[in-house]
Amino acid sequence: MSEEINLKEMSDDEILELMQEDLYDGYAEEIVEEVNELLGREMGSYDILIKGLVAGMEVVGVDFRDGVLFVPEVLMAAKAMKAGMEVLRPLLAETGAPKMGTVVIGTVKGDIHDIGKNLVAMMMEGAGFDVVNLGINTSADDFIAAIEEHDADILGMSALLTTTMRSMEHTIKALEEAGLRNKVKIMIGGAPVTQAFSDQIGADGYASNAASAAELAKKFVA
Ligand code: B1M
């Protein structure tokens with residue numbers, strides 16, 4: 001955002017558009033200012049997330065795929081997205097929903113993409129779940145240890161690479177071998193993941209986005 005831009009003089013839609021540009025440019029401080037400005041105007045935290053941050057990241061994704069952006073730029077965009085998400089996190093979680101159960105969630109082994117997984121974690125917190133977020137590059141053993149330690153009801157696995165989707169299958173097999181498969185419901189997601197893949201590897205469900213992931217989790221414990 002350049003010096004002469006005055007957020008106060010801009011409409012909500014103009015700020016959302018600016019957020020997408022600033023996300024693309026990796027301007028974390030500006031993103032935080034814009035999120036706060038929209039919150040001050042009483043725009044809902046979920047709308048800011050989807051129409052500003054997620055919409056911006058989609059553009060980054062397309063340009064990364066097409067070779068317009070490279071890893072350093074995408075990392076800057078991811079950092080800006082995280083800064084905005086940190087402001088929204090408590091608000092998304094603050095719905096006063098009754099406690100629904102415990103979810104252990106992580107990005108699978110070999111995969112370091114965590115933005116979508118963190119969104120899913122936030123939406124689940126907002127839906128009333130206790131969420132144990134194991135981060136990235138999570139091995140089957142780490143998932144199993146966390147399920148046992150936290151007496152989890154649901155396991156959520158995220159993968160963004162076609163090559164790491166197989167880690168999901170490996171984790172499910174490891175759960176079966178550990179005698180824990182029937183203790184938890186297993187949900188998977190991430191850009192390359194499909195319902196067909198979920199059926200194929202024996203997961204209990206697939207969600208295409210963070211909101212539907214939270215809905216599916218609620219169904220699991222209903
Ligand atoms: Co990566 N990357 N990346 N990357 N990256 C993708 C995934 C890619 C599609 C880009 C492309 O080519 N178009 C491509 C994968 C190709 C493939 O496998 N088919 C790719 C590649 C190739 C790579 C590297 C191999 C690049 C390289 O080094 N040559 C490398 C891999 C490193 C590794 O993991 N071992 C790599 C690295 C990176 C960065 C580190 C630079 C960065 C990650 C930063 C971070 O996450 N902290 C990055 C990013 C940012 C992307 C893109 C641009 C954006 C991903 C993202 O955050 N999207 C991505 C392109 C794309 O997806 N369009 C790309 C926004 C997010 C909100 O959406 O993650 O899909 P998403 O999550 C959604 C849903 O999928 C769903 O809900 C979320 C919210 O609605 N969801 C779940 C996700 N998890 C779920 C779990 C659930 C349910 C729903 O239940 C548990």
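Just so it is clear, none of the values below were taken in a lab; they were calculated from the coordinates. All values reported here derive from a predicted model rather than from experimental measurement. Here the Cβ is made from the backbone with ideal geometry for all residues, glycine too, and neighbour counts use every protein chain on show.
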- Based on what the data block shows, is ILE201 among the hydrophobic types (A, V, I, L, M, F, W, C) and farther than 20 Å from GLY101 by Cβ? yes
- Item | the stretch 30-80, residues that are of a type outside the set (Gly, Ala, Ser) and in a loop (DSSP other than H, G, I, E, B) | ARG41, GLU42, MET43, ASP66, VAL68, LEU69, PHE70
- Item | Within the stretch 137-222, helices (runs of 4 or more DSSP H) holding 1 or more residues that are under 22 Å from LEU49 (Cβ atoms) and either more than 8 Å from the ligand (Cβ to nearest atom) or more than 18 Å from the chain's Cα centre (by Cα) (or both) | 210-221
- Query: What number of residues within the stretch 32-53 satisfy the criterion of being surrounded by fewer than 19 Cβ atoms within 10 Å (Cβ to Cβ), in contact (Cβ under 8 Å) with a residue 12 or more places away in the chain and within 12 Å of the ligand (Cβ to nearest atom)?
  - Reply: 1
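Could we say that MET168 is in contact (Cβ under 8 Å) with a residue 40 or more places away in the chain and not β-branched (Val, Ile, Thr) here? Spell out the reasoning first.
Values: in contact (Cβ under 8 Å) with a residue 40 or more places away in the chain: yes; not β-branched (Val, Ile, Thr): yes.
Considered against the rule, which asks whether it is in contact (Cβ under 8 Å) with a residue 40 or more places away in the chain and not β-branched (Val, Ile, Thr), MET168 comes out as yes.
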- Message: I'm trying to understand the selection: among the residues of the stretch 97-136, which are assigned to a loop (DSSP other than H, G, I, E, B) and more than 9 Å from the ligand (Cβ to nearest atom)?
- Response: ALA97, PRO98, LYS99, MET100, LYS109, ALA127, GLY128, LEU134, GLY135
